[in-house]
Amino acid sequence: MLPAEESALLHALAAQAGLRTRVYEDWGFGELTTRGLGVSALFAGPSGTGKTMAAEVLARELRLNLYRIDLSAVVSKYIGETEKNLRRLFDAAEEGGALLFFDEADALFGKRSEVRDSHDRYANIEVNYLLQRMESYRGLAILATNMRSALDQAFLRRLRFVVTFPFPAVAQRREIWAGAFPSHTPTEVLDLDRLSSLPVTGGTIRTIALNAAFAAAADAGPVTMPHVLAAARTEFRKLDLPARDRDFEVTG
């Protein structure tokens, strides 16, 4: 559930990924660029706002395999090793033209800073190498980060799309709650207005709904508001989110 402008960006991203051959080859735009024919994007927003799900939807829409790469596992403290790891990764993916989804991009971009010593220079080299390979990669490559502020404008300009995934507003949370339970799940009438007042992301809503479903199944009955509120209370405590006991009291 995204604002209209960000949703339109995702549709444009899918369109460009699907129409590359026509524009670059048939229409000749490939002759005007030296940066490669790939499509690169940054998904930025808090954890649980749908960045990974959006990548999955794009892969399904474009009928591509989705390779999710944890950049924190690729980055090495040894000089030159990060670039080697990235080179092997892109070389392996080049044949299939898969959608590459780089999760935890903060692990690399968080190292980027003003150049004060050799380590800073190598951190910048690693970032530039990744962006260069994303540009030359013939498939679709997406970076995901919780910290857009870690990237400067010079890096952002090298990405074709930047899609912001904001913390969902009340209206968006209501829509997410409305679709949180599959159609086959037996549910009693749920107070969507009350549930949407809980300040949580879509990822947290999904977890609450799943735990509520298991609780209802253990009770051999439908999912009720008490099940959902109890699951929400547990999730709030787990994540150490601020809340009042009355937020989870059963009323009516």
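May I ask you to list the aspartates and glutamates whose Cα is less than 20 Å away from that of LYS51, ignoring any residue fewer than eight positions away on the same chain?
Partners found: GLU5, GLU6, GLU61, ASP70, ASP103, GLU104, ASP106, GLU175.
Please get the size of the charge dipole for the chain, origin at its Cα centre, with Cβ charges of +1 on Lys and Arg and -1 on Asp and Glu, quoted in debye to the nearest 20.
Approximately 320 debye in magnitude.
Before rounding to the nearest 500, sum -39500 (n - 2.57) across all DSSP H runs of length at least 4 in the chain and divide by the residue total; then give [θ] at 222 nm in deg cm²/dmol.
-14000 deg cm²/dmol
Can you figure out the FRET efficiency of ASP191 with ARG244, using R₀ = 22 Å and their beta-carbon distance, to the nearest 0.05?
0.80
With a cut-off of 8 Å between alpha carbons and a minimum separation of six or more residues, what is the relative contact order of the range 153-235 in percent?
Dividing the mean separation by the residue count of the range 153-235 yields 30 percent.
In the range 133-208, what is the volume of the convex hull around the alpha carbon atoms, normalised per residue and reported in Å³?
Cα-based convex hull of the range 133-208, divided per residue, equals 138 Å³.
Rank by packing, highest mean first: peptides 42-51, 22-31, 79-88, 194-203, with packing defined as the count of other Cβ atoms within 10 Å averaged across residues.
Packing proxy ranking, top to bottom: 42-51, 194-203, 79-88, 22-31.
With the alpha-carbon atoms as the only input, what is the per residue convex hull volume for the range 191-252 in Å³?
83
Of the listed peptides 90-97, 164-171, 125-132, what is their order by residue-averaged count of other C-beta atoms within 10 Å, with the highest listed first?
125-132, 164-171, 90-97
Helix 225-239 sits at what angle to the longest principal axis of the chain, using alpha carbons and giving 0 to 90 degrees rounded to 10?
It is inclined by approximately 50 degrees.
Where the Cα atoms of the range 126-252 are projected onto their three principal axes, how long is each span, largest first, in whole Å?
Sorted from largest, the Cα extents of the range 126-252 read 57, 32, 25 Å.
Expressed as an acute angle from 0 to 90° and rounded to the nearest 10, what is the orientation of the C-alpha long axis of helix 4-18 relative to the principal long axis of the chain?
Approximately 50 degrees, to the nearest 10.
Rounded to the nearest percent, how much of the accessible area of the chain (1.4 Å probe, protein heavy atoms only) is carbon and sulfur?
It is 51 percent, rounded to a whole number.
Give the ranking of HIS184, HIS227 by solvent-accessible surface, highest area first, calculated with a 1.4 Å probe.
HIS184, HIS227
Please report, in whole Å³, the volume per residue of the convex hull around the C-alpha atoms of the chain.
Output value, Cα hull per residue: 161 Å³.
Note down the accessible area of THR21, probe 1.4 Å, to the nearest 10 Å².
That residue has around 80 Å² of solvent-accessible surface.
The values are calculated or read from the model by the stated rules, or taken from the named source; none is laboratory data. This one's a predicted model, so the numbers in the text were calculated from it and none came from an experiment. Cβ: placed from backbone, ideal geometry, glycine included. Neighbour counts: every protein chain shown. For accessibility, only protein heavy atoms count, side chains too; no ligands or nucleic acids. Shrake-Rupley method; radii C 1.70, N 1.55, O 1.52, S 1.80 Å.
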